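Taking it in order: structure first as structure tokens, then the write-up.
The values are calculated or read from the model by the stated rules, or taken from the named source; none is laboratory data. Quantities reported herein were computed from a predicted structural model and do not represent experimental measurements. Every residue, glycine among them, receives a Cβ derived from its backbone with ideal geometry; neighbour counts consider all protein chains shown.
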Amino acid sequence: MGKSHAYRPPHLRGAKPADRAPAEPAQPAQPTQQNGSFWWQAPGSQPAGNTAAAGTPNRQQAQTGPSTQTERARSFRQLVQAAEECQKQAERRPDEAARGLYREGARLCRSALSLAGEAIEGGAGPSWQAQALEVQLLLGAHLQALADVTARLPSLAPPSPSVLREAEAAIAEACQHYSQAVDAYQPCINASEPGDGAEVPFVNCARALRSWGELCPDPSQAVPLLQRSVAMLESALSADVCPEDSRADVLGSHAGSLAALGDRLLNADPPQVEPGLEACTRARAAYSDACQLSHSANGDDLPGLLLDWGAALHTMAGHAAVAGGQGEAVELLEEAASRFRDAVSFGRQDVAPLNGIGDVHVAMAELAAESADGTVRGRSESAWLAAALTEGYEAALRIDKADVDALVGVAEANVLLGKAAAAAGAGDAQGHFSAAKAAYEAALSNPAALGSWEDRLGVVFNAACACVLAGAENDAVSLLAQLLWIGGTTIEEIRADEDVGALADSDALMSAAARST
């Protein structure tokens, strides 16, 4: 999973953290009560609105002299500066080091908020309230980034019998951090007023909700989270919250949340077809609007929007194909390919849209193989697969020869080409299988880049299949034994596979299966 990252409005992009905190912030709306207590208070504490009449200091004010107030303000600034420094350092560090920095940054923010609460309880002016809201926003960003790195860290762990349990625990912890980030953003949303940056807490909260929903393993919990993300972004898009120069970026986030919601609904058991298709349709419209409004002068990332749009269309095409709508699937894939080509046209030497083109062509090949005449748009399965290599994955490898997504794409396309050649009695099947085996080996030399352990397990299993097809059964047994050792597959799953099933009863695999129990 990619970073959900905290949103920054156009007028603050490129600004240093210190530039975001004026010495005397503008007065925000009065704090809003939430769950029976105000956001800066512990449950049961005295609400700030219950202070003495104007001009009459309350007891806490009387006990707080100028020196204490000055020291509190100094400590508050030091804590906030330290938290901002943690954020800057973490953004430049590997995930393992960044995790500790984000955790420390969140602790510093909470300490600063405690001081702000004391000042506000003591009758401090609106400057303290406004600065406390800034720290709430910073706290949310730390927690959101902490969740991101926590979710990614298991992919760096070496294989072991416990690694899958550790990955599951990390996902649960990341979900907890996303929940805390959402809670941290809420006071800023409650106090939001029109003006520069008014959309920031809405967008950050929505992105945290989306990441949480995509990561959450329970569909019954994930769908409401994604629905909340969509609703939050719709609030951000309201005329009095979202300035015009931020609209494209916020629309892009809205489209992404709608696409994620549609995917979850259509993958549900049973599929929730009508609401899922509605979400997908709205996502397509939102991506179109976002791209039309996108402008580099506002810091908008049009190539990135096009890439996301293409990926969403590719996913939607998969759902259409499963539902039996081949014609609709083909149209969606053609539109996806067009969006990926648009992204490539910016000349950023980015491999992702090229890999997207490869993925779209492979999907076209699969539809061609299932069609009555063996073609889609006049091209056979093998022709589409050859295009996936030349126009997609191999083009990506010319930019980055170690890109694992491109290597896996080359491997998968060659396996399909080899099987098509074997079915047709052509003599080049073995060459394709050998090319697939070599590409898988190259991808597996950088396992952490393959993503989550779930993704890695799928690649390893497919690599074992390619080894069998290439005549390297010993290599296949070695890969499958590793999967059995860490609990990533079972003898039953191996036996059921058409490529590696014959290996299931080998002594090496039976021994590995026994060790895994």
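Annotation note: of F340, F346, the sole residue that is in a helix (DSSP H, G or I), over 23 Å from L233 (Cβ atoms) and either among the aromatic types (F, W, Y) or under 18 Å from the mean Cα position of the chain (by Cα) (or both) is F340.
Consider G100 against the criteria (1) of a type outside the set (S, T, N, Q); (2) farther than 23 Å from A82 by Cβ; (3) surrounded by fewer than 20 Cβ atoms within 10 Å (Cβ to Cβ): it satisfies all of them except one. Which criterion is unmet? Every listed condition holds for G100 apart from (2).
Tally up the residues in the range 378-404 that are part of a helix (DSSP H, G or I), of a type in the set (S, T, Y) and more than 27 Å from the chain's Cα centre (by Cα), please. Talk me through it step by step, then tell me what you get.
First, the residues of the range 378-404 that are part of a helix (DSSP H, G or I): 381-399, 404.
Pick out the ones that are also of a type in the set (S, T, Y) and you get 382, 390, 393.
Remaining after also requiring more than 27 Å from the chain's Cα centre (by Cα): 382, 390.
Final tally of qualifying residues: 2.
What residue, of E328, E370, is free of Cβ contacts under 8 Å to residues at least 24 places away in the same chain and of a type in the set (D, E)?
On the way: E370 fails: free of Cβ contacts under 8 Å to residues at least 24 places away in the same chain.
Unique residue meeting the criteria: E328.
Each row is one residue, and each column tells you yes or no for (1) touching a Gly at 6+ places or on another chain (Cβ under 6 Å); (2) of a type outside the set (S, T, N, Q); (3) at pLDDT 95 or above.
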position	(1), (2), (3)
A321	no, yes, no
E331	no, yes, yes
R348	no, yes, no
V362	no, yes, yes
G392	yes, yes, yes
A396	no, yes, yes
V408	no, yes, yes
V415	no, yes, yes
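Among the residues of the range 261-294, the ones that are among the β-branched types (V, I, T) and crowded, with 21+ Cβ neighbours inside 10 Å come to 0 in all.
Residue-wise test of (1) crowded, with 22+ Cβ neighbours inside 10 Å; (2) at pLDDT 90 or above.
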{"position": "D196", "(1), (2)": "no, no"}
{"position": "S211", "(1), (2)": "yes, yes"}
{"position": "S229", "(1), (2)": "yes, yes"}
{"position": "L237", "(1), (2)": "no, yes"}
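For the range 69-88, the tally of residues that are at pLDDT 95 or above, crowded, with 16+ Cβ neighbours inside 10 Å and not hydrophobic (A, V, I, L, M, F, W, C) stands at 2.
Contact annotation: residue pairs with Cβ atoms under 7 Å, 6 or more positions apart or on different chains, pairing a residue in the range 486-500 that is over 18 Å from V415 (Cα atoms) with a partner that is assigned to a helix (DSSP H, G or I) and of a type in the set (S, T, Y), are G487/S516.
For the range 294-332, the set of residues classified as of a type in the set (G, A, S), assigned to a helix (DSSP H, G or I) and closer than 30 Å to S380 by Cα consists of G310, A311, A312, A317, G318, A320, A321, G327, A329, listed by residue number.
A62 satisfies every condition listed in (1) surrounded by fewer than 18 Cβ atoms within 10 Å (Cβ to Cβ); (2) modelled with pLDDT of 95 or more; (3) of a type in the set (A, V, I, L, M, F, W, C) except (2). The set of residues in the range 478-498 that are closer than 16 Å to L457 by Cβ and outside any helix (DSSP H, G or I) comprises G487, G488, T489, T490, D497. The set of residues in the range 147-168 being in a helix (DSSP H, G or I), of a type in the set (A, V, I, L, M) and over 19 Å from G213 (Cβ atoms) consists of L153, L156, V163, L164.
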